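Novice: Handing you a structure now.
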Amino acid sequence: MGGAVPGGAGGKLCLWNADPGLCTGWNGEGIETGRTGFLSRTTEEMVAQVGRIGELSRQACREAAEKRFSIRAVADEYLRVYEEALHG
């Protein structure tokens, strides 16, 4: 399965594989290719992109993570899901 590599790349979210055969449950949403991460279609592409990790912006990665995974953002998403479940 594919995955983000947060700690192993200097704190950068660097790689994810968008191929359903290699990665399930995620569509690459939130990744700005070449700025906050890379999307791959194959394992070979993912391996090749490891050498490009230095191109990513640490600041952009941090800001994206803070925006998407802050306590407020996560709580708001839970509330949205609960509201949808309650009211259709």
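The values are calculated or read from the model by the stated rules, or taken from the named source; none is laboratory data. These numbers come from a predicted model, not from an experiment. In this analysis, Cβ positions are derived from the backbone assuming ideal geometry, glycine residues included, and neighbour counts consider all displayed protein chains.
Novice: Considering the stretch 39-81 alone, what residues qualify as being of a type in the set (K, R), modelled with pLDDT under 90 and assigned to a helix (DSSP H, G or I)?
Specialist: Let us first name the residues in the stretch 39-81 that are of a type in the set (K, R), namely 41, 52, 58, 62, 67-68, 72, 80.
Those left that are additionally modelled with pLDDT under 90: 41, 52, 58, 62, 67-68.
R52, R58, R62, K67, R68 - these are the residues of the stretch 39-81 that are of a type in the set (K, R), modelled with pLDDT under 90 and assigned to a helix (DSSP H, G or I).
Novice: Out of all the residues in the stretch 60-71, is one or more touching a residue at least 12 places away in the same chain (Cβ under 8 Å), on the phi < 0 side of the Ramachandran plot and β-branched (V, I, T)? Give the derivation first.
Specialist: At the first step, the residues of the stretch 60-71 found to be touching a residue at least 12 places away in the same chain (Cβ under 8 Å) are 60-62, 64-65, 68.
With on the phi < 0 side of the Ramachandran plot added as a condition, the list becomes 60-62, 64-65, 68.
Next, only the ones that are β-branched (V, I, T) stay: none.
The answer is no, given that none of the residues of the stretch 60-71 is touching a residue at least 12 places away in the same chain (Cβ under 8 Å), on the phi < 0 side of the Ramachandran plot and β-branched (V, I, T).
Novice: Name, by its number, the condition in (1) modelled with pLDDT under 85; (2) exposed (fewer than 14 other Cβ atoms within 10 Å of the Cβ); (3) not hydroxyl-bearing (S, T, Y) that does not hold for E84.
Specialist: Looking at each condition in turn, E84 falls short on (1).
Novice: Looking only at residues that are modelled with pLDDT of 75 or more and either assigned to a loop (DSSP other than H, G, I, E, B) or within 19 Å of F69 (Cβ to Cβ) (or both) in the stretch 10-38, which one is nearest to the chain's Cα centre (by Cα)? Give the steps one after another, and end with the answer.
Specialist: Restricting attention to the stretch 10-38, the residues satisfying the condition of being modelled with pLDDT of 75 or more are 31-38.
So of that shortlist, the ones also either assigned to a loop (DSSP other than H, G, I, E, B) or within 19 Å of F69 (Cβ to Cβ) (or both) come out as 31-32, 34-37.
Working: I31: 5, E32: 9, G34: 12, R35: 12, T36: 8, G37: 7 Å.
Across the stretch 10-38, the extreme among qualifying residues is I31.
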